[in-house]
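A quick write-up on the structure given underneath.
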Amino acid sequence: MDRSEPGGDSLPTLKLSSDFEQSRQQLSDMLSEMIPTRRWFRSKARKILSTEIVGWFEVTANDEDDSSIWIIDVNFAEGGPETYALPVTFGYETDLPKSLPISARFARILIDDDDEDDDDDERIPVIAAKEPSESELRSVILYDSLAEPKFCVKLLKAIRNQKVYEPVDEDYSGKLVCSSTLALERIRKELPLNKLPAIIGDADQSNSMVIFGDRLILKIFRKCEPGENPDVEIGHFLTEVVTFAHTPRVVGTIDGIAADGGVYSLAMLQEFVPSQGPAWAYTLAEVDRYFAAVNRQTDALGAILEMPAEASLVTLAGQHSDSQVAELLGPFLQSAELLAQRTGEMHLALASRPDLPDFAPVPIVAADQQSMLAAMQALAARQMKLLADRLPHLPLAIHSAAKELLSRSAELQNSYAVLASQSLGGQLTRIHGDYHLGQVLYTGTDFVIIDFEGEPARSLPERRQKRPPLQDVAGMIRSFHYAASTALFEQLAASKQPAADNLRRAASYWYLQISAAFLRSYFLTVGEADFLPTDRQQMHTLLSVLLLDKAVYELGYELNNRPDWIEVPLHGVLDLLNTIRG
């Protein structure tokens with residue numbers, strides 16, 4: 001691969017051979033260098049040995065462009081391979097859309113163009129071009145098709161028309177199958193799909209999103225794993241099998257069929273839900289409002305901010321907030337209760353079909369508790385090793401806390417052992433799996449739950465497993481801790497040191513009271529549901545270890561993806577250890 005820059009930028013330049021196999025190898029080598037730079041690539045810490053284009057499906061081939069979907073196998077020095085979907089377009093550099101961002105461009109490719117009046121047979125695909133002379137070279141840019149609205153509209157129409165894409169030739173295998181529901185046809189009749197403008201979502205995500213007007217949203221799953229993606233599976237269940245009004249309806253899909261007949265999810269089309277944005281942004285604004293109230297009442301807050309000696313969330317949830325607490329916490333107290341109600345309704349819906357094996361609740365037995373214990377202890381061991389390895393590169397301000405946690409590794413392992421010491425009761429069901437404030441939309445008056453894909457660091461089989469519904473509850477409570485901590489850091493940066501202790505107490509108070517209100521409303525919503533332990537101590541035990549496990553998972557996620565955020569789960573784990581020990 002030539003690193004020359006004929007266009008004045010740093011794009012890699014490929015001069016493809018006329019030999020098909022050699023050209024494919026050149027493209028694969030380019031992908032090995034390009035893929036690790038993309039946010040949607042999940043394994044940035046692993047060394048890539050090679051990449052291979054195993055599927056090539058032509059989406060358009062006309063005078064306007066040449067777009068395809070590539071299915072790519074990525075092979076690593078250690079561990080198994082991963083498969084990714086990459087929509088690509090070959091376009092002459094002089095003809096590129098003006099709106100195409102530089103970040104969407106993958107490579108510059110030199111091809112034969114000795115007769116510009118020829119048909120498309122020599123224009124694209126570039127691997128079919130004969131070996132050109134230097135005087136016949138013309139620059140083509142290979143770029144991400146999902147950065148171009150007209151390509152996204154073609155995918156939308158393919159779903160509507162239930163199109164099937166076959167591979168471009170016998171060197172590739174499998175096929176792509178588009179499907180739609182009657183709900184999409186109703187939307188199409190109300191407004192033709194070609195009238196819906198395509199707005200490209202934030203490219204800096206693990207999946208890619210396209211919004212079509214105010215009616216539809218298309219999610220492309222970049223990583224392809226055998227089996228139906230839980231986002232598709234659970235979304236269809238909640239909107240087509242049972243009735244849960246607080247999640248978007250799935251109206252279409254694109255599935256890949258591998259050579260061995262295995263199916264994987266490539267894309268999902270949903271109804272678009274108008275909202276004010278993620279509940280995360282709404283919550284941060286409410287925490288800022290709370291801190292403003294705290295700063296106005298500093299002298300009178302001493303007694304208010306004193307938490308009960310027993311600060312167990314399960315215990316606090318059994319108490320009612322008095323008027324003074326409600327006034328200080330403001331309208332978000334009711335919002336947290338409403339969010340908990342929607343969470344409980346979601347769990348009741350997911351547990352409502354015992355006749356469907358994939359969704360039927362199952363009792364928690366001793367073997368399940370042992371399995372949870374082993375998984376939690378294994379995760380904790382991996383994260384402590386990762387923390388030790390990354391410690392020299394972490395900010396000095398958090399070295400003390402990091403070293404304290406590392407010194408308590410044995411205590412962390414022992415904290416999970418309670419799972420094996422008592423029977424928990426309750427059931428395992430399908431759950432959201434990655435539940436936090438970023439996975440909920442705030443409409444201004446209500447909440448809509450989205451993104452049932454599960455935690456991105458876990459495999460698809462793990463994300464489809466049945467788990468205690470309290471795991472989602474723990475995820476949201478941890479998200480409240482993130483919100484309180486984020487606001488606290490901003491407050492500390494803007495305040496003088498004497499106010500620091502009071503601000504920390506205020507942040508802890510908000511987190512505990514909001515979490516208790518959420519938990520109280522959740523218990524009221526689900527009532528005596530069979531999926532919950534019936535004993536308060538069992539409830540406390542299960543919730544405590546799930547909170548700790550979630551914080552430990554966050555620790556590794558931040559170390560790998562957002563080191564600047566490591567302080568939040570680090571202190572979260574230490575606080576939870578102190579609570580469990582106390």
*Test V473 against the stated conditions and say whether it is in a strand (DSSP E or B), open to solvent by less than 20 Å² (accessible area, probe 1.4 Å) and in contact with a Ser or Thr (Cβ under 9 Å, 6 or more places away or on another chain).*
no
_Go through the range 417-426 and report how many residues are open to solvent by less than 50 Å² (accessible area, probe 1.4 Å) and either outside any helix (DSSP H, G or I) or under 11 Å from V573 (Cα atoms) (or both)._
3
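Collect the residues in the range 550-575 that are among the acidic types (D, E) and more than 18 Å from the chain's Cα centre (by Cα), keeping them in residue-number order.
Going residue by residue through the range 550-575, those that are among the acidic types (D, E) are 554, 558, 564, 567, 575.
Selection gives D564, E567, D575.
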*Would you tally the residues in the range 159-192 being touching a residue at least 40 places away in the same chain (Cβ under 8 Å), basic (K, R) and out of contact with any Ser or Thr (no Cβ under 6 Å at 6 or more places or on another chain)?*
1
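Pick out, from the range 343-416, the helices (runs of 4 or more DSSP H) lying fully within it that include 3 or more residues that are open to solvent by less than 20 Å² (accessible area, probe 1.4 Å) and out of contact with any Pro (no Cβ under 8 Å at 6 or more places or on another chain).
Helices (runs of 4 or more DSSP H) meeting the threshold: 366-390, 399-407.
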*Cβ pairs under 8 Å, 6+ apart, first in the range 83-105 and touching a residue at least 60 places away in the same chain (Cβ under 8 Å), second among the small types (G, A, S) and open to solvent by 50 Å² or more (accessible area, probe 1.4 Å)*: P101/A203; S103/A203; A104/A203
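Is the range 442-460 home to any residue that is assigned to a loop (DSSP other than H, G, I, E, B) and in contact with a strand residue (DSSP E or B) (Cβ under 8 Å, 6 or more places away or on another chain)? Even if it seems obvious, please write down each step before you answer.
Restricting attention to the range 442-460, the residues satisfying the condition of being assigned to a loop (DSSP other than H, G, I, E, B) are 443-446, 450-459.
Filter again for in contact with a strand residue (DSSP E or B) (Cβ under 8 Å, 6 or more places away or on another chain), leaving 450.
So far as the range 442-460 goes, yes, one or more of its residues are assigned to a loop (DSSP other than H, G, I, E, B) and in contact with a strand residue (DSSP E or B) (Cβ under 8 Å, 6 or more places away or on another chain).
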*Out of the residues in the range 537-582 that are in contact with a Gly (Cβ under 8 Å, 6 or more places away or on another chain) and not aliphatic (A, V, I, L, M), state the one that is farthest from L394 (Cα to Cα).*
Q538
*Could you tell me whether the range 102-112 includes any residue that is modelled with pLDDT under 90, more than 26 Å from E455 (Cα to Cα) and part of a loop (DSSP other than H, G, I, E, B)?*
no
*asked:* Considering only residues that are in a helix (DSSP H, G or I) and either closer than 28 Å to V59 by Cβ or within 18 Å of the chain's Cα centre (by Cα) (or both), which ones fall in the range 229-288?
replied: P230, D231, V232, E233, I234, G235, H236, T239, E240, A279, W280, A281
*So which residues in the range 440-469 are open to solvent by less than 20 Å² (accessible area, probe 1.4 Å) and under 29 Å from L559 (Cβ atoms)?*
V440, I449, F452, G454, E455, L460, P468, P469
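For T181, state whether it is open to solvent by less than 60 Å² (accessible area, probe 1.4 Å), modelled with pLDDT of 90 or more and not small (G, A, S). I'd like the intermediate steps shown before the answer.
Details: open to solvent by less than 60 Å² (accessible area, probe 1.4 Å): yes; modelled with pLDDT of 90 or more: no; not small (G, A, S): yes.
No, not satisfied.
Listed here are the residues, each with its yes/no results for (1) farther than 23 Å from A258 by Cα; (2) open to solvent by 60 Å² or more (accessible area, probe 1.4 Å); (3) in contact with a strand residue (DSSP E or B) (Cβ under 6 Å, 6 or more places away or on another chain).
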residue	(1), (2), (3)
I159	no, no, yes
Y165	no, no, yes
K175	no, yes, yes
R186	yes, yes, no
L196	yes, no, yes
F212	yes, no, yes
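If I ask for residues that are part of a loop (DSSP other than H, G, I, E, B) and either free of Cβ contacts under 8 Å to residues at least 40 places away in the same chain or open to solvent by 10 Å² or more (accessible area, probe 1.4 Å) (or both), which ones from the range 533-575 would you list?
T534, D535, R562
With respect to A309, determine if the residue is open to solvent by 30 Å² or more (accessible area, probe 1.4 Å), touching a Gly at 6+ places or on another chain (Cβ under 8 Å), at pLDDT below 90 and of a type in the set (A, V, I, L, M).
Values: open to solvent by 30 Å² or more (accessible area, probe 1.4 Å): yes; touching a Gly at 6+ places or on another chain (Cβ under 8 Å): no; at pLDDT below 90: yes; of a type in the set (A, V, I, L, M): yes.
No, not satisfied.
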*If you check every pair at least six apart or on different chains, which have Cβ atoms under 8 Å apart with a residue in the range 239-251 that is closer than 16 Å to R215 by Cβ first and a residue that is open to solvent by 10 Å² or more (accessible area, probe 1.4 Å) and basic (K, R) second?*
T239/R249
_Single condition G444 does not satisfy, out of (1) within 28 Å of M268 (Cβ to Cβ); (2) free of Cβ contacts under 8 Å to residues at least 60 places away in the same chain_ = (2)
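Rundown of residues vs (1) under 20 Å from Y172 (Cβ atoms); (2) at pLDDT below 80; (3) over 27 Å from the mean Cα position of the chain (by Cα), yes/no style:
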| site | (1), (2), (3) |
| --- | --- |
| D9 | no, yes, yes |
| T13 | no, no, yes |
| D19 | yes, yes, yes |
| D29 | yes, no, yes |
| P36 | no, no, no |
| R46 | no, no, no |
| V54 | yes, no, no |
*Report yes if some residue within the range 523-532 is outside any helix (DSSP H, G or I), in contact with a Ser or Thr (Cβ under 8 Å, 6 or more places away or on another chain) and in contact (Cβ under 8 Å) with a residue 60 or more places away in the chain; otherwise report no.*
yes
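Test of understanding: among Y522, Y509, which residue is at pLDDT below 95, out of contact with any Pro (no Cβ under 8 Å at 6 or more places or on another chain) and crowded, with 17+ Cβ neighbours inside 10 Å? Spell out how you get there, then give the answer.
Numbers: Y522 fails: at pLDDT below 95.
Within the list Y522, Y509, the selection yields Y509.
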*If you scan the range 427-441, which residues turn out to be assigned to a helix (DSSP H, G or I) and more than 22 Å from E567 (Cβ to Cβ)?*
Q439
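Of the residues in the range 353-403, how many are β-branched (V, I, T) and under 23 Å from N578 (Cβ atoms)?
Of the range 353-403, the ones β-branched (V, I, T) are 362, 364-365, 398.
Filter once more, so that each one left must be under 23 Å from N578 (Cβ atoms): 398.
Here the count works out to 1.
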*Failed condition for D530, given (1) crowded, with 22+ Cβ neighbours inside 10 Å; (2) over 25 Å from A326 (Cα atoms); (3) in contact with a strand residue (DSSP E or B) (Cβ under 8 Å, 6 or more places away or on another chain), with all others met?*
(1)
*asked:* Restricting to the range 215-270, and then to whatever is open to solvent by 10 Å² or more (accessible area, probe 1.4 Å) and among the small types (G, A, S), can you tell me which residue is modelled with the lowest pLDDT?
replied: A259
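The values are calculated or read from the model by the stated rules, or taken from the named source; none is laboratory data. All values derive from a computational prediction rather than experimental measurement. Here Cβ is always computed from backbone atoms with ideal geometry, including for glycine, and neighbour counts include all displayed protein chains. Just so you know, the surface numbers come from the protein's heavy atoms only, side chains and all, with ligands and any DNA or RNA stripped out. Shrake-Rupley method; radii C 1.70, N 1.55, O 1.52, S 1.80 Å.
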